[in-house]
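The values are calculated or read from the model by the stated rules, or taken from the named source; none is laboratory data. Since we're looking at a predicted model, the values are computed, not measured. Every residue, glycine among them, receives a Cβ derived from its backbone with ideal geometry; neighbour counts consider all protein chains shown. Just so you know, the surface numbers come from the protein's heavy atoms only, side chains and all, with ligands and any DNA or RNA stripped out. Shrake-Rupley method; radii C 1.70, N 1.55, O 1.52, S 1.80 Å.
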Amino acid sequence: MEKTDWKRIGWLTAATLVLGAIIGACAGLLTLLLYGVEYMMLGFIESEFIPGAFTVPAVRRIASVTLGLGVAGVIWYLLRTKTEKVPSVKKAVNGGRMPFWQTIVHVVLQIFIVGSGASIGREVAPRELGAMLAQRFCDIFHIGDGEGDAHGVLDRRMVVAVAAGAGLGGVYNAPLAGMFFAVEILLVDVTLEKVAFGLGMSATAAFVATAIKGEHMFYDIGAMQMNSTPSLMLFALLCGTACGVVGALFRKGSQWAESHKPTGRSLMWQMPIAGLVTGLVSIVVPQVMGNGRAAAQLGFSTFIPETAATSGAAQSAASAAASPWTFLAGSDGAPGSVVNAGTPLELNRLWMLLGVLALTFVAKAFVTLMTIRSGASGGVLQPGIALGSTLGTMLGLLWLFVFPVDSVTACALIGAAALLSASQQAPLMAMCLVMELTEAPIEFFVPVGMAVAVSVFVSSGLLHRLG
């Protein structure tokens, strides 16, 4: 009978509760920092009522994102060339040392550029902060710092990975996604201990973060039917296939952009140029700005009143008022609005909807890859959800002509999870993140799971061929 290692049980408990709470507090404060930067730079705070910079004057959008990336470009140049470099989270898990103040500056810069309107995800920042704090925690408890301590090294690796996942779980109130990020992407090792440890710390972080930043709806999917249908399963197969191809290409594109980042002085002029281009694009496509929330919500909010009777979907007055389609249409109810349209879904209106969604998809993919290529640090989870939501919506609009019993929002939900899983090659994390952010009914795990399975199968085969 093995002797109980009470010391190990002690620091595991401390890591779950104490470290998880600290990471959660940091995640909550980072969210408040994002809101503060948005208010200072753009004059609004993103919420379920205003998902993007739609009401911000075009001149202010251009100035904000150009200034934000310009300032960040100078600081990142100094940070990357004059001080100790900040390794990636994966390198930190494998032993790379994350310097203290450099990591904090690196994290704050990521939140700053997203708040100013840069098209890139903000989820890397809390993961890096969680990993850095975990390394300090391991130093305090002397976990994995002795020579020849093989078990300690493995434990240290687990703590750092789980803490990084807790950062993700805390900032998005998504403990399942945080846990799966740790065990599926970072550790690539699913054991009962790692799952329990990861879920416990992510849940603690999410609880504390919510107490600080509040509990808000991230994506509104109120325009979706309440029940899944057999035809939606068929749509999941087709959408999963399309998202698998597109997700694999987006993954290759982001990897190319990451590997071609400038390393010298050119960083200081390429980043503001990327900001200027983003601002100019936002004149026509304001939903392109930020981490992808506005673009994704455009897909989730697409509601066709004519099919409500057959699909059982309905859109509340509050959801309609907060829909990006309403903001794009303007107060006069111009033809750009799905919500205010009362005419049948004829081909001319269909082409208008598809045109706006296609433009959003292309613009979001372009400016996100351009931002990464210019030298910015950040993630692609939220941009991936945005691309999946808009792609799923475009396919869903065509699907309605054959199966009006399904809602476009359900198609957007399936597309978001499928494309994210393909681009991240992490089906469990992607599926849980989308379901947690949308608070979708649990029965939709079935069609979403089908689409994710197909998407990962298709994308993995394509990525193998592309090399």
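Candidates Phe141, Pro99, Gly152 compared by Cα position along the dipole of segment 63-161: farthest toward the positive end lies Pro99, with charges placed on Cβ.
Ordered from highest to lowest accessible area with the whole protein assembly present and a 1.4 Å probe, Cys411, Cys26 read as Cys26, Cys411. Positive contributions from Lys and Arg (+1) and negative ones from Asp and Glu (-1), summed over other residues with Cβ under 15 Å from the Cβ of Val458, come out at +3.
Counting only DSSP H runs of at least 4 residues, each contributing -39500 (n - 2.57), and dividing by the residue count of the chain, the helix-based mean residue ellipticity at 222 nm comes to -22500 deg cm²/dmol. For trypsin sites (Lys or Arg not before Pro), the sites in segment 93-129 that DSSP calls loop and that have at most 13 other Cβ atoms within 10 Å are Arg97. Assuming 0.890 mPa s and 25 °C, estimate D for segment 1-105 with Stokes-Einstein, Rh taken as the Kirkwood radius over Cα pairs, in µm²/s. The Stokes-Einstein estimate is 139 µm²/s. A 1.4 Å probe run over the protein chains yields, for segment 401-454, 27 Å² of accessible area per residue, whole-number rounding.
Across the options Tyr219, Ser116, Trp325, the greatest Cα extent toward the positive end of the charge dipole of the chain (unit charges at beta carbon of Lys, Arg, Asp, Glu) belongs to Ser116. What's the long-distance tail for segment 68-143, i.e. % of Cα pairs beyond 21 Å? Of the Cα pairs, 28 percent sit more than 21 Å apart.
Under the convention that each Lys and Arg Cβ holds +1 and each Asp and Glu Cβ holds -1, the size of the dipole of the chain around its Cα centre is about 1400 debye.
For the chain, the tally of Lys pairs with Cα-Cα distances below 17 Å comes to 4, considering only residues 8 or more apart or on different chains. Note on segment 1-82: with charges restricted to the Cβ of Lys and Arg (+1) and Asp and Glu (-1), its dipole about the Cα centre is near 360 debye. In units of the rule-of-thumb radius 2.2 N^0.38 Å, segment 34-174 shows an alpha carbon radius of gyration of 1.23. Sites listed here are GluC sites (Glu not before Pro) in segment 144-241 whose DSSP assignment is loop and whose Cβ has at most 13 other Cβ atoms within 10 Å: Glu147, Glu215.
Measuring max minus min along each principal axis, the C-alpha atoms of the chain give extents of 72, 55, 46 Å (largest first). Basic side chains Lys and Arg get +1 at the Cβ, acidic Asp and Glu get -1 at the Cβ, and with that the dipole of segment 172-290 about its Cα centre reaches some 400 debye.
Rounded to two decimals, the Cα-based Rg/Rh of segment 388-452, with Kirkwood Rh, is 0.97.
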